[in-house]
Amino acid sequence: MLPPRLYPGAFWVVVALLAVGVFVPVVLDVGVLALLLTPVVAAVVVVWTHWREDRALAVAALLALVGLALVFVLRQFV
């Protein structure tokens, strides 16, 4: 589904950012943001790469993105 090194590579980048963030608090915000964006980037990659070959998988990833956007928007009202 995903390119083989995308998710593990992003994981180790996030872990490094969070580890540095323990000592440098400014980096901690970047690490948390990267942690939140990693699944979003993975879903976008799945939609982008599998739209023609596996439409059902791409639609499922797109629905997951729409659900995340909906939660983000609805959180503004609560």
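The values are calculated or read from the model by the stated rules, or taken from the named source; none is laboratory data. Note that this is a predicted model, so its numbers are computed, not measured. Positions of Cβ are generated from backbone atoms using ideal geometry, with glycine treated the same way; all protein chains shown enter the neighbour counts. Protein only, heavy atoms only, side chains kept; ligands, DNA and RNA dropped before computing areas. Shrake-Rupley method; radii C 1.70, N 1.55, O 1.52, S 1.80 Å.
Keeping the other protein chains in place, figure out the carbon and sulfur percent of the accessible area of the chain, with a 1.4 Å probe.
That share works out to 79 percent.
If you average the sequence gap of Cα pairs under 8 Å that are 6 or more apart and divide by the length of the chain, what percent do you get for the contact order?
Once divided by the residue count of the chain, the mean separation gives 23 percent.
Could you work out [θ]222 nm for the chain from helices alone, using -39500 (n - 2.57) per DSSP H run of at least four and dividing by all its residues? Round to the nearest 500 deg cm²/dmol.
-29000 deg cm²/dmol
Give the average over all directions of the projected area of the C-alpha convex hull of region 3-62, one decimal, in nm².
Spelled out: convex hull of the Cα atoms, projected over all directions, averaged, 4.1 nm².
Can you compute the modelled spin-label distance between residue 37 and residue 70, with each label point 7 Å from Cα toward Cβ, in nm?
With each label point 7 Å from Cα toward Cβ, the separation is 2.5 nm.
If we sort 39-52, 22-35 on the protection proxy, mean other Cβ atoms within 10 Å, highest first, what's the order?
My ranking of the peptides, most packed first, is 39-52, 22-35.
Could I have the simple spin-label model distance between residue 13 and residue 28, label points 7 Å from Cα toward Cβ, reported in nm to one decimal?
Each label point is offset 7 Å from its Cα along the Cβ direction, giving 2.2 nm.
Leaving out ligands and nucleic acids, and using a 1.4 Å probe, what accessible area per residue does the chain come to in Å²?
That works out to 77 Å² for each residue.
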